[in-house]
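The values are calculated or read from the model by the stated rules, or taken from the named source; none is laboratory data. Remember, it's a predicted structure, so these values are computed and weren't measured experimentally. Here the Cβ positions follow ideal geometry from the backbone for every residue, glycine too, while neighbour counts run over all protein chains shown.
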Amino acid sequence: MPPEPDLPPPADGTILAVDIGGTKLEAGIVAPDGRILERIRTATPVSVDPEVVFGALAGIVGGVLDRASVRPGMCGVGCGGPMECGGATVSPLNIHGWHRFPLRERLSDLVGMPVEVDNDAKALALGEGWRGAARGRADYLAMVVSTGIGGGIVLDGRLLDGAGGNAGHIGHVVVEPDGRACACGGQGCLEAEVSGTAIAAITGRPAADADAAMRRRCGTLVGRAVATVANLLDLQLAVVAGSVALGFGEEFFDAARDEVALRCGLDFARPTRIEPAGLGSDGPLVGAAAVARNRHALAAVRG
């Protein structure tokens, strides 16, 4: 099946893009060609009060709208998960104040326009397929290795959603059966071993200060998870973003590639490769805008 049609975004062109993560919140205005025209970011408040986090988000969203030369016609959001399908409520594991928080409704009331919400890593997958390292590919995995770990999967040109919209959550693939306890309630999940939060807990230092051995270990475990997905779903490309992965650089990616080569022995899986995401720091906002574009395209196709 070919990729979904590359339909134009909403009629007035620009899209309000919002990225919500455990470390930072960011809002921007994205042009129809994927360029970021305006952006504002702030640290995610550490609070159990949901309104404190939403207040910080509302502040940067209002600020970026004030800067916009033309008011966007649609809003796309990438947010940490899990969530209910379409972001009706979100419960990010790294934002403790939000449990079943009604993000889509609250944000729509704030901005006065349609709001489309998806998992931030699924948003990245759409963005990388639109303007990044997976452009032109119909089958690939996109990952974010940062404060937490998430993923999105495109097969036959379509982003996988799953029953509740949470498909592709590679952060909770088990890579160390007797490993660390994970915030999801499991044990040995990739997120519990390799995320920035996990690295800080293991080493007692920020992830950016990890030594060469830890960088290689993280790459190895990410490669192990990618190989699992490649063997299961017959895809041959994984693009990896996030401050941990990109910050660790070639030590990380070399170890990940070595592990993929070791564990992808089937003929169809042997060509699988891991590449840095192509959008860099623009990925979260371009991905959020791509969420809006994708929903608009699907609605147009369905008539």
Quick one: how many residues across segment 81-117 are closer than 23 Å to Gly186 by Cα and among the acidic types (Asp, Glu)? 1
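How many residues are buried (at least 18 other Cβ atoms within 10 Å of the Cβ) and either at pLDDT below 95 or out of contact with any Ser or Thr (no Cβ under 7 Å at 6 or more places or on another chain) (or both) when one looks only at segment 239-250? Break it down stepwise before answering.
Just the residues of segment 239-250 that are buried (at least 18 other Cβ atoms within 10 Å of the Cβ), to begin with: 239-246, 248.
Subsequent filtering for residues that are either at pLDDT below 95 or out of contact with any Ser or Thr (no Cβ under 7 Å at 6 or more places or on another chain) (or both) retains 239-243, 245-246, 248.
Residues flagged as buried (at least 18 other Cβ atoms within 10 Å of the Cβ) and either at pLDDT below 95 or out of contact with any Ser or Thr (no Cβ under 7 Å at 6 or more places or on another chain) (or both) within segment 239-250 amount to 8.
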Any residue in segment 166-193 that is within 25 Å of Ala88 (Cβ to Cβ) and surrounded by 15 or more Cβ atoms within 10 Å (Cβ to Cβ) sitting within a Cβ distance under 6 Å of a residue that is modelled with pLDDT under 95 and of a type in the set (Asp, Glu)? List the pairs, counting only those 6 or more apart or interchain. Ala167/Asp161
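Yes/no per residue for (1) more than 30 Å from Gly86 (Cα to Cα); (2) touching a Ser or Thr at 6+ places or on another chain (Cβ under 8 Å); (3) not aliphatic (A, V, I, L, M):
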| position | (1), (2), (3) |
| --- | --- |
| Asp139 | no, no, yes |
| Val154 | no, no, no |
| Gly157 | no, no, yes |
| Pro177 | yes, no, yes |
| Cys189 | no, no, yes |
| Ala192 | no, no, no |
| Ile199 | yes, no, no |
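Can you find even one residue in segment 176-191 that is in a helix (DSSP H, G or I), closer than 16 Å to Arg215 by Cα and not aromatic (Phe, Trp, Tyr)? It would help to see each step written out before you state the result.
Pass one, segment 176-191, residues in a helix (DSSP H, G or I): 190-191.
Among the residues that remain, those that are also closer than 16 Å to Arg215 by Cα are: 190-191.
Imposing the further condition that a residue be not aromatic (Phe, Trp, Tyr) reduces the set to 190-191.
Yes, the conditions are met somewhere in segment 176-191.
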Among Ala289, Ala213, the single one that is out of contact with any helix residue (DSSP H, G or I) (no Cβ under 7 Å at 6 or more places or on another chain), surrounded by 23 or more Cβ atoms within 10 Å (Cβ to Cβ), modelled with pLDDT of 95 or more and not β-branched (Val, Ile, Thr) is Ala289
Suppose we keep only residues that are more than 18 Å from the chain's Cα centre (by Cα) and basic (Lys, Arg) within segment 73-114. Which one would you say is surrounded by the fewest Cβ atoms within 10 Å (Cβ to Cβ)? Arg100
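Could you tell me whether Pro5 is at pLDDT below 95, in contact with a strand residue (DSSP E or B) (Cβ under 9 Å, 6 or more places away or on another chain) and under 27 Å from Trp130 (Cα atoms)? If you could, list the steps in order and put the result at the bottom.
Details: at pLDDT below 95: yes; in contact with a strand residue (DSSP E or B) (Cβ under 9 Å, 6 or more places away or on another chain): no; under 27 Å from Trp130 (Cα atoms): yes.
In short, no.
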Selection from segment 270-286 of residues that are surrounded by fewer than 20 Cβ atoms within 10 Å (Cβ to Cβ), touching a residue at least 12 places away in the same chain (Cβ under 8 Å) and farther than 30 Å from Ile40 by Cα: Pro271, Arg273
Residue match in segment 147-160 (condition: part of a helix (DSSP H, G or I) and not β-branched (Val, Ile, Thr)): no
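Is it the case, given these coordinates, that Pro72 is at pLDDT below 95 and closer than 14 Å to Val111 by Cβ? First the steps, then the outcome.
On the way: at pLDDT below 95: yes; closer than 14 Å to Val111 by Cβ: yes.
The answer is yes for Pro72.
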Would you check which residues across segment 251-269 are small (Gly, Ala, Ser) and buried (at least 24 other Cβ atoms within 10 Å of the Cβ) and list them? Ala256
For Gly129, only one of the following conditions fails: (1) in contact with a Phe, Trp or Tyr (Cβ under 9 Å, 6 or more places away or on another chain); (2) modelled with pLDDT under 95; (3) farther than 26 Å from Gly55 by Cα. What is its number? (2)
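Determine whether Gly59 is surrounded by fewer than 23 Cβ atoms within 10 Å (Cβ to Cβ) and either in contact (Cβ under 8 Å) with a residue 40 or more places away in the chain or outside the structural domain of Gly185 (by TED's automatic domain parsing) (or both). Explain how you work it out, then say what you get.
Details: surrounded by fewer than 23 Cβ atoms within 10 Å (Cβ to Cβ): yes; either in contact (Cβ under 8 Å) with a residue 40 or more places away in the chain or outside the structural domain of Gly185 (by TED's automatic domain parsing) (or both): yes.
Yes, satisfied.
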